[in-house]
Amino acid sequence: MNLRRTFKKGGTIFHQGNPSDCAFIISSGSVEIVENTREGEKIIGRLTENDIFGEMGLIDGQPRSATARALEDSVMYIMTRNNFDNLAKENPEALLPILKILTGRLRETMKYLKLGIRPSTNIKTEPTNRKLTTY
């Protein structure tokens, strides 16, 4: 995973609806995840150093479910689909951190569904094991 890319503050990393061909790991900086809704843009997350995002598309191949923007000058490592597939074949244990992140996000979503509310940045919760470096 040698690919590295820099994004300026306010720069769009990807748009909702774009093809999902890679995931991003934040080396430095921060990112805002925004969903376009009928009511307008809704911030659904803010991520910082060592967080991963865009990973769902590596698994299901579906278009991006939200837009990602740099909140400050940021550096990202990029995991391509080819990197992901090679890891899955050669060292599947290396994918456990990504699977734990996805599981934590799924649990958080299920918690909101049980409460009958939609996740919002106004509700402060910390997903279990959301940082890539905690594994």
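The values are calculated or read from the model by the stated rules, or taken from the named source; none is laboratory data. For clarity, every value in this text was computed on a predicted model and none was experimentally measured. Reconstructed Cβ throughout: ideal geometry from the backbone, glycine too, with neighbour counts over all protein chains shown.
Every residue, every condition in (1) modelled with pLDDT under 90; (2) surrounded by 13 or more Cβ atoms within 10 Å (Cβ to Cβ), yes or no:
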{"position": "LYS8", "(1), (2)": "no, no"}
{"position": "THR12", "(1), (2)": "no, no"}
{"position": "GLN16", "(1), (2)": "no, yes"}
{"position": "PHE84", "(1), (2)": "yes, yes"}
- Task: Can you run down the residue pairs with Cβ atoms below 7 Å, 6 or more apart or on separate chains, where the first is in the range 99-111 and over 16 Å from ALA23 (Cβ atoms) and the partner is surrounded by 13 or more Cβ atoms within 10 Å (Cβ to Cβ) and β-branched (Val, Ile, Thr)?
- Result: ARG107/THR128
- Pick from the range 31-59, criterion free of Cβ contacts under 8 Å to residues at least 40 places away in the same chain and among the charged types (D, E, K, R), ranking: surrounded by the most Cβ atoms within 10 Å (Cβ to Cβ): GLU32
- Those residues of the range 1-56 which are outside any loop (DSSP other than H, G, I, E, B), in contact with a helix residue (DSSP H, G or I) (Cβ under 8 Å, 6 or more places away or on another chain) and of a type in the set (Gly, Ala, Ser) amount to ALA23
- Provide a single number: the residues in the range 67-82 that are out of contact with any Phe, Trp or Tyr (no Cβ under 9 Å at 6 or more places or on another chain) and either at pLDDT below 85 or crowded, with 17+ Cβ neighbours inside 10 Å (or both). 0
- Note on the structure: The residue that is nearest to the chain's Cα centre (by Cα), considering only those in the range 57-84 that are within 15 Å of GLY10 (Cβ to Cβ) and outside any strand (DSSP E or B), is LEU71
- Would it be correct to say that ILE43 is modelled with pLDDT of 90 or more and under 11 Å from the mean Cα position of the chain (by Cα)? no
